[in-house]
Amino acid sequence: MTEDAGRLAAFDARIAAGEKIEPGDWMPDEYRRQLIRMISQHAHSEVVGMLPEGGWITMAPSLRRKLVLLAKVQDEAGHGQYLYHAAETLGVSREEMLEALLQGKAKYSSIFNYPATSWADMGVIGWFVDGAAILNQTMLARCSYGPYARAMIRICAEESFHYKQGMEIVLTLSQGTPAQRTMVQDAVRRWWWPTLMMFGPHDAESPNTPTLVRWGIKTRTNDELRQEFVNQTVPDAHTMGLSLPDPELRFDAASGNWRFGEIDWDEFWRVVHGDGPCNRERLEARRAAHDDGLWVRQALEAYAART
Amino acid sequence: MSDTQWPRYEVFQQETPDRPHRHAGSVHAPDAEIALLNGRDVFVRRPECSSLWVAPAGAISRATAEEITGGALEMDSTTGEAVDYLVFAKLDARGMLTHLGQVRATSKVQALQEAARACGPQTPFVLWVVPAAQLTRSEPDQAEPLFAPALDKPYRDQAFYHIQTALRRLRQEAGD
Amino acid sequence: MNPGLRASLADVLLALADDELILAHRDSEWTGHAPILEEDIAFANIALDELGHAGLWYRLVADLRGEDAERYPDRLVFHRPAGAFRNVRLVEQPKGDWAFTVLRQFLFDSAEQVRLKALADHPQASVAHTAAKILTEERYHLRHLQAWVTRLALGTPESGRRMQAALDQLWPLARQLFQPLSGEAILVEAGAWPASSALATQWQAAAMDFLIECGLTIPGQILPDESGRQIHSAHLEPLLSEMQSVARLEPQGEW
């Protein structure tokens, strides 16, 4: 079925005028399809992202850290919730989205396929991963689809706390005992490149980008965001006496950018395609939670049906 | 029995008693009580909130500006008992669906028509109506246990963390 | 308050704090594994509240013992051996299935309500104030847990069966909540603590009524385990071993 060229032109004009597209508005099939893909992936990422950090709540080394980490992981569940809602407004059900995730058919951010092997990882994840997420999410808060933009605004407001609590842990450890400094330096070494990979392939290899830009979903490119992340993070690492695992990292005064080395794209694609260190473990955990929870979901529905 | 994620309930949040409720998002819940409790846990983790409403997504009738102006809301001649409908509208391009008031109507479509008329000369971007009987409100005498605890968790507020101060001190110590 | 009373008050508040801490720890094990996303959020809220309560009581203990309110709580939590903890055995039990967790939380929260209401007019202002603050959050917990216990008990045959199995296991353990706390006697005499036995009757009557209305059977009278709060099940040591593992890497360090 061909879409009416007139409707498409009117739609493009609405986007160009900065109007928000709301549920129920006419939209091209491709717009709907891209958004469902993006938003559901984003939602899955938040939910899977609870796992590497959730496992460390029981080992948080002070009451304050325990409280803060638990609050952070709770936020991530909340973010997943807001995002599933935004996707649902486009006509896909949460059952369908979860089915796709648990069958290994849906993607989520590859960063969560890496293991969190020490307490210091909690700090570095907040600093790097949430730092990167904030850049991406700030951009998405201006996107053309109303429910997604509004979800992102809520998320951005909460994400700042995630970044700062992470930095607080890193600051404490980097200025701590030799063992603590070693722990956090090792975490930095393990999370740096996966974080840079979060921004996706180089612009030239990013097939979805032009469409997303045209329709006001994406307003900055992968490489732009990645460069901004590097520029904002490297000086703070140096201030804290931490080194980054990139021998090619150097400041280019002319551009004001920190130049960095090439990402290992083989690793990137391996992990994206399911062969990362924790892909299987993450999905198994989600499947187990889902399967173990079946009797609970059914019990509450049965009760509601009777009253 | 099939496995579902429970029905959706739309959630409306009022920040302070002098402002109207606004649409916050939705929660999945098996019934209205759990929807209210879930709505509170999902949307009131940070202040402020003075009241929460929930309604099954299936009970809400919706219309876009295009449908209102394009005549998609046809004349509805069904007669029945007139009931109250709550009206929510998005009146500005960047705004959220906000509670405007109520209308009385004998059908969903008539409620939408009445609501559109009540918006005056400006066509809302989005219009929702829901039968008042299908909307569950948080009880005023429950406001304290529902909403006050969020105020006691300052560690969730990014202002609680003084990162820039700490980094500045480190740079000074290093003589940067 | 004379030193003897202060010391006893600190001891009983420590028991309350330990209860909240260990229960919060068990609750937090569900994050990322709850039956539905909304419950991940809801149960994390309960765990956060309980942890907060633990913190409040630990601070009072610090004040009463003349210790640093900023540092002493962490020393209590991360550097005491299992034998020094004063929580009930109810909260040490592994989280079990969702029915076990929900019912345990209900029994604990309903008991806490009874005790907090009695503490809300304690002669020591800091105790009364803390109790009142905690009570606000507990009113919400009870609403949440009552809704869940009802729905699970009366939902499907399977959920009902699981709830009954949970009650059979938890009811004998719950009785320890109102066994007189060590040090309680002189406090009660001085009007500085509500007698646990009176609270026990009040709590038990209300809890039984509610559970029976949910179609559950209260387990028959068995000889309760009267051993005090200094006796722990085999579950506490591994729990603390995990909880304290990172902090003990650098016992004097900042984390």
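The values are calculated or read from the model by the stated rules, or taken from the named source; none is laboratory data. In this text, all values refer to a predicted model and were calculated from it rather than measured experimentally. When we count neighbours, we look across all protein chains shown, and the Cβ atoms used for this are built from the backbone with ideal geometry, even at glycine. Only protein heavy atoms, including side chains, enter the accessible area calculation; ligands, DNA and RNA are left aside. Shrake-Rupley method; radii C 1.70, N 1.55, O 1.52, S 1.80 Å.
Results, tabulated for the structure shown:
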quantity: Distance between the range C:145-221 and the range A:166-186 - C-alpha centres, whole angstrom; calculated: 45
quantity: Highest-fluctuation residue, A:Gln165, A:Gln180, A:Gln137 considered, GNM on chain A with Cα pairs under 10 Å; calculated: A:Gln180
quantity: Partner chain coverage, peptide B:149-156 - average Cβ within 10 angstrom; calculated: 6
quantity: Cα-Cα P(r), the range A:163-205, percent of pairs per 10 Å interval; calculated: 26, 41, 21, 11, 2
quantity: 3J(HN,Hα) from dihedral phi, the range A:24-33, Karplus parametrisation 6.51/-1.76/1.60, rounded to Hz, x for glycine, proline; calculated: x, 5, 5, 8, x, 4, 5, 4, 4, 4
quantity: Accessible heavy-atom area order of A:Phe260, C:Phe178, highest first, probe of 1.4 Å; calculated: A:Phe260, C:Phe178
quantity: Top of A:Ala60, A:Ala254, A:Ala16 by mean-square fluctuation, Gaussian network on chain A, Cα under 10 Å; calculated: A:Ala254
quantity: Under-5 Å amide H pairs with A:Asn257, H placed in peptide plane, nonlocal only; calculated: A:Asp252
quantity: Heavy-atom surface of the protein assembly as shown, accessible at 1.4 Å and reported per residue (Å²); calculated: 39
quantity: Size of electric dipole in chain C: Cβ of Lys, Arg +1 and of Asp, Glu -1, about Cα centre, debye, nearest 20; calculated: 360
quantity: 0 to 90° range, to nearest 10: angle between helix C:3-28 axis and chain C longest Cα axis; calculated: 40
quantity: Extreme residue, positive dipole direction of the protein assembly as shown, given options C:Gln221, C:Ala84, A:Ser110 (C-beta unit charges); calculated: C:Ala84
quantity: Whole-percent pair-distance distribution, where bins are 10 Å wide, for the alpha carbons of the range C:49-149; calculated: 14, 39, 36, 11, 0
quantity: The range B:40-176: relative contact order as a whole-number percent, Cα under 8 Å and 6+ apart; calculated: 33
quantity: Chain C - percent relative contact order, Cα under 8 Å, separation 6 or more; calculated: 24
quantity: Number of partner chain Cβ atoms within 10 Å, mean per residue of C:160-168; calculated: 1
quantity: Diffusion coefficient, µm² s⁻¹, Stokes-Einstein with Kirkwood Rh over alpha-carbon pairs of chain B at 4 °C and 1.567 mPa s; calculated: 70
quantity: Exposure ranking of C:Ser227, A:Ser40 by accessible area [1.4 Å probe, largest first]; calculated: C:Ser227, A:Ser40
quantity: Expected 222 nm ellipticity per residue - DSSP helices of 4 or more, -39500 (n - 2.57), all of chain C, to 500; calculated: -22000 deg cm²/dmol
quantity: Accessible-area value, B:Lys153, 1.4 Å probe, nucleic acids and ligands omitted, Å²; calculated: 10
quantity: C versus A: buried accessible surface, summed, Å² (probe 1.4 Å, to nearest 100); calculated: 3900
quantity: Shape call, chain A: gyration tensor on alpha carbons, a/c limit 1.5; calculated: oblate
quantity: Alpha-carbon centroid distance for the pair the range B:1-58 / the range B:96-121, whole angstrom; calculated: 21
quantity: Cα coordinate range in the protein assembly as shown, projected on the principal axes (Å, largest first); calculated: 85, 76, 45
quantity: Percent accessible area from carbon and sulfur atoms, chain B, protein chains only, probe 1.4 Å; calculated: 50
quantity: Kirkwood-Stokes translational diffusion coefficient of chain C, alpha-carbon pairs, 10 °C, 1.306 mPa s, µm²/s; calculated: 84
quantity: Charged-residue dipole, Cβ positions (Lys, Arg, Asp, Glu), the range B:27-176 about Cα centre, Debye nearest 20; calculated: 600
quantity: Percent RCO, i.e. relative contact order, over chain A, from Cα pairs under 8 Å lying at least 6 residues apart; calculated: 19
quantity: Rounded percent of accessible protein surface that carbon and sulfur make up, chain A, 1.4 Å probe; calculated: 54
quantity: Cα gyration tensor shape for the range C:164-255, rounded if a/c is under 1.5, else prolate or oblate; calculated: oblate
quantity: Inter-centroid distance (Cα atoms) of the range A:246-281 relative to the range B:130-176, Å; calculated: 34
quantity: Total charge dipole magnitude, the range C:84-154, about the Cα centre, Cβ charges on Lys, Arg, Asp, Glu only, Debye to nearest 20; calculated: 60
quantity: Of B:Glu114, B:Glu139, B:Glu81, the one that fluctuates the most in a GNM where chain B has Cα springs shorter than 10 Å; calculated: B:Glu81
quantity: Exposure of A:Met97 as accessible area (Å², to 10), given a probe of 1.4 Å and all protein chains; calculated: 10
quantity: Cα gyration tensor category, rounded, prolate or oblate, for the range A:1-87 with a/c compared to 1.5; calculated: prolate
quantity: Under 25 Å between alpha carbons - lysine pairs in the protein assembly as shown that sit 8 or more apart or on different chains; calculated: 19
quantity: Stokes-Einstein D in µm²/s, Kirkwood radius over Cα pairs - the range C:119-225 at 10 °C with 1.306 mPa s viscosity; calculated: 100
quantity: Nearest-0.05 FRET efficiency for A:Asp186 and B:Glu173, computed from C-beta distance (R0 25 Å); calculated: 0.55
quantity: Exposure of A:Trp295 as accessible area (Å², to 10), given a probe of 1.4 Å and all protein chains; calculated: 20
quantity: For B:Leu100, residues with placed amide H under 5 Å, excluding near neighbours; calculated: B:Val87, B:Phe88, B:Ala89
quantity: Shielding by other protein chains, B:46-52, mean Cβ within 10 Å; calculated: 1
